[in-house]
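Notes follow the structure.
Just so you know, all these numbers are worked out from the coordinates, no wet-lab data involved. Quick caveat: nothing in here was measured; it's all calculated off a predicted structure. Here the Cβ positions follow ideal geometry from the backbone for every residue, glycine too, while neighbour counts run over all protein chains shown.
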Amino acid sequence: MIASNSASTVRFLGRTALIALATVSLAACGHGKGRPKADLAASRITTIGVNSYLWRASLEAVSFMPLLQTDSNGGVIVTDWYANPNNPNERMKVTITILDQDLRADALRVAASRQVNQNGVWVEAPVQAATVQKLEDVILTRARDLRRQASGVK
């Protein structure tokens with residue numbers, strides 16, 4: 001009886017040692033020298049198909065406007081017409097396209113349409129270039145802020 005108990009104890013300890021060795025071996029696989037370290041604040045965060053900082057900043061920038069279409073894989077945001085309550089005879093529509101996976105100024109394109117109400121009919125009107133440029137600047141500044149926040153830098 002004692003020999004049987006002793007043999008099962010040895011088998012138990014042997015299995016335990018084998019499991020511990022396998023666990024240590026598998027844990028070591030994830031810490032190899034060839035594996036790059038994660039950089040949370042990298043300029044290229046693309047789990048959605050486009051740069052996530054530009055995507056989030058773009059959505060925030062037009063959050064007051066109704067959205068008509070969003071495609072995070074293609075990087076396109078299209079708003080519906082928005083009329084400022086302070087100026088109901090004018091409305092704007094915006095299309096934002098994110099062209100790259102990197103956080104760069106040339107990875108963002110903003111286009112805007114403007115209409116004015118003349119005698120009950122909406123008529124196309126020119127958009128000031130400064131309006132589009134200002135929106136691009138707002139988006140890029142916010143995207144850079146989001147990246148800084150991700151890295152823990154104040």
Whole-Å distance, taken between Cα centres, linking the range 85-101 and the range 54-84: 8
Residue exposure sequence - TYR82, TYR53 - by fewest surrounding Cβ within 10 Å: TYR82, TYR53
Table column - 3J(HN,Hα) (Hz), the range 76-87, Karplus curve with 6.51, -1.76, 1.60, x for Gly and Pro: 10, 10, 10, 8, 8, 5, 10, 10, 5, x, 7, 9
Hz values of 3J(HN,Hα) by residue in the range 114-124 - Karplus curve (6.51, -1.76, 1.60), Gly and Pro given as x: 9, 10, 10, 8, 10, 6, x, 10, 7, 10, 4
